[in-house]
1. Quick check on segment 107-135: of everything there that is within 23 Å of residue 261 (Cα to Cα) and part of a helix (DSSP H, G or I), which residue is least open to solvent (accessible area, probe 1.4 Å)?
2. Please find, within segment 280-300, the residue that is farthest from the chain's Cα centre (by Cα) out of those that are of a type outside the set (Gly, Ala, Ser) and crowded, with 16+ Cβ neighbours inside 10 Å.
3. In segment 1-99, which helices (runs of 4 or more DSSP H) lie fully inside it and hold 2 or more residues that are modelled with pLDDT of 95 or more and within 18 Å of residue 271 (Cα to Cα)?
4. Open to solvent by less than 70 Å² (accessible area, probe 1.4 Å), free of Cβ contacts under 8 Å to residues at least 40 places away in the same chain, closer than 24 Å to residue 72 by Cα and out of contact with any Ser or Thr (no Cβ under 7 Å at 6 or more places or on another chain), is that true of residue 215?
5. Scan segment 229-252 for residues that are at pLDDT below 95 and either among the basic types (Lys, Arg) or crowded, with 19+ Cβ neighbours inside 10 Å (or both) and report the count.
6. Out of all the residues in segment 280-300, which are among the polar types (S, T, N, Q) and either modelled with pLDDT of 95 or more or part of a helix (DSSP H, G or I) (or both)?
7. Answer yes or no as to whether residue 205 is open to solvent by less than 40 Å² (accessible area, probe 1.4 Å), within 14 Å of the chain's Cα centre (by Cα) and among the charged types (D, E, K, R).
8. Find the residue count for segment 153-163, including only residues that are buried (at least 18 other Cβ atoms within 10 Å of the Cβ) and either out of contact with any Phe, Trp or Tyr (no Cβ under 9 Å at 6 or more places or on another chain) or aliphatic (A, V, I, L, M) (or both).
Amino acid sequence: MKMNPRKLKTIGIFLVFLIPFLFTGCSGGNHESSNSKSAETKEKEPETKIEEKDWSDDFAGLNGAAVIYEPEENRYQIYNQDLAKTRRSPCSTFKIISSLTALENGVIDPDHSVREWSGEQFWNSGWNQDISFEEAFRVSCVWYFREVIDDIGKERMQKELDKLSYGNCDISDWEGKQNTNNNNRALTGFWIESSLKISPKEQTEVMERIFGDTSSYSKESLSRLKQVMLTSQDKEKDIAIYGKTGMGKDNGITTDAWFTGFADVSGQRKYFCVYLGKTNGADVTSTKAKEIAIQIISDL
């Protein structure tokens, strides 16, 4: 059947106007949806804020850095940014990670956690006894956690560090042979002046991955870990501080001293790290790093 040429012309003109309109409508809808999703993403991910702080009075001439991280506001308060981004050996602050990994994998059963002392006399008298997990954490017993880490094994430990994005994630010197301060197998490891490195800023981020709202770890493991990390409480100021010290030496001289963890301040969680490096003419200790951290947090 033949169609009237005039009608064909009318239909053709109609389609010329209709088709672009249809495609524009689809494209416009997708663009609007894309913008909407982009806006939602921006709302969920606030811009990173870095505030430089002058906490030099708290450090009193010591070479060091401090970081306070508030993830809800995506805000960092940092003293000495260059050093705060420099990776160093975590030393005994790594006991937070080894404890968590051991608790999650059943290597440590907190109710039956006593390990037998070998009888070797160590410089720290608190290590010269059969010792439980809680006590070993409190006195930072290296031989206890050397055994724990060996029981965890390389594969599980590497997997955990990769999951946490823990500094350089390098456990290649498993035995700790790079440590120039000690050659006792019971007192060396990749986390003590060896292959594993992490910065103060990264320490706070790892703490948030463990203890933050999106943590993938069991409530039981986190509860046990918080118990041993509790350092101080000030009920009047509504402050509770949880952390772990760490200290490493090079040829007998302290080169790294740490205190890292988190604080609950008036219902708000803040992740922190204070690091002290080698300072000529001054006594650098992890105890001093802890004092500085507590003072900074108390003044927030």
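1. Among residues in segment 107-135 that are within 23 Å of residue 261 (Cα to Cα) and part of a helix (DSSP H, G or I), the one least open to solvent (accessible area, probe 1.4 Å) is 133.
2. Step one: list which residues in segment 280-300 are of a type outside the set (Gly, Ala, Ser), which gives 280, 283-285, 287-288, 290-292, 294-297, 299-300.
Applying the additional criterion that residues be crowded, with 16+ Cβ neighbours inside 10 Å yields 284, 288, 290, 292, 294, 296-297.
Details: 284: 23, 288: 21, 290: 17, 292: 19, 294: 18, 296: 19, 297: 17 Å.
Out of the qualifying residues, it is 284.
3. 81-84
4. Numbers: open to solvent by less than 70 Å² (accessible area, probe 1.4 Å): yes; free of Cβ contacts under 8 Å to residues at least 40 places away in the same chain: yes; closer than 24 Å to residue 72 by Cα: yes; out of contact with any Ser or Thr (no Cβ under 7 Å at 6 or more places or on another chain): yes.
Spelling it out, residue 215 is indeed open to solvent by less than 70 Å² (accessible area, probe 1.4 Å), free of Cβ contacts under 8 Å to residues at least 40 places away in the same chain, closer than 24 Å to residue 72 by Cα and out of contact with any Ser or Thr (no Cβ under 7 Å at 6 or more places or on another chain).
5. Qualifying residue count for the region: 3.
6. So in segment 280-300, the residues among the polar types (S, T, N, Q) come out as 280, 285-287, 295, 298.
If the condition is that a residue be among the polar types (S, T, N, Q) and either modelled with pLDDT of 95 or more or part of a helix (DSSP H, G or I) (or both), then 285, 286, 287, 295, 298 are the ones that fit.
7. Working: open to solvent by less than 40 Å² (accessible area, probe 1.4 Å): yes; within 14 Å of the chain's Cα centre (by Cα): yes; among the charged types (D, E, K, R): yes.
When the stated conditions are applied, residue 205 passes them.
8. Quick first cut of segment 153-163, residues buried (at least 18 other Cβ atoms within 10 Å of the Cβ) only: 157, 160-161.
Subset that is either out of contact with any Phe, Trp or Tyr (no Cβ under 9 Å at 6 or more places or on another chain) or aliphatic (A, V, I, L, M) (or both): 157, 161.
Of the residues in that region, 2 qualify.
The values are calculated or read from the model by the stated rules, or taken from the named source; none is laboratory data. Fair warning: this is a prediction, and the values are worked out from it, not measured in the lab. Neighbour counts run over all protein chains shown; Cβ positions are idealised from the backbone, glycine included. Only protein heavy atoms, including side chains, enter the accessible area calculation; ligands, DNA and RNA are left aside. Shrake-Rupley method; radii C 1.70, N 1.55, O 1.52, S 1.80 Å.
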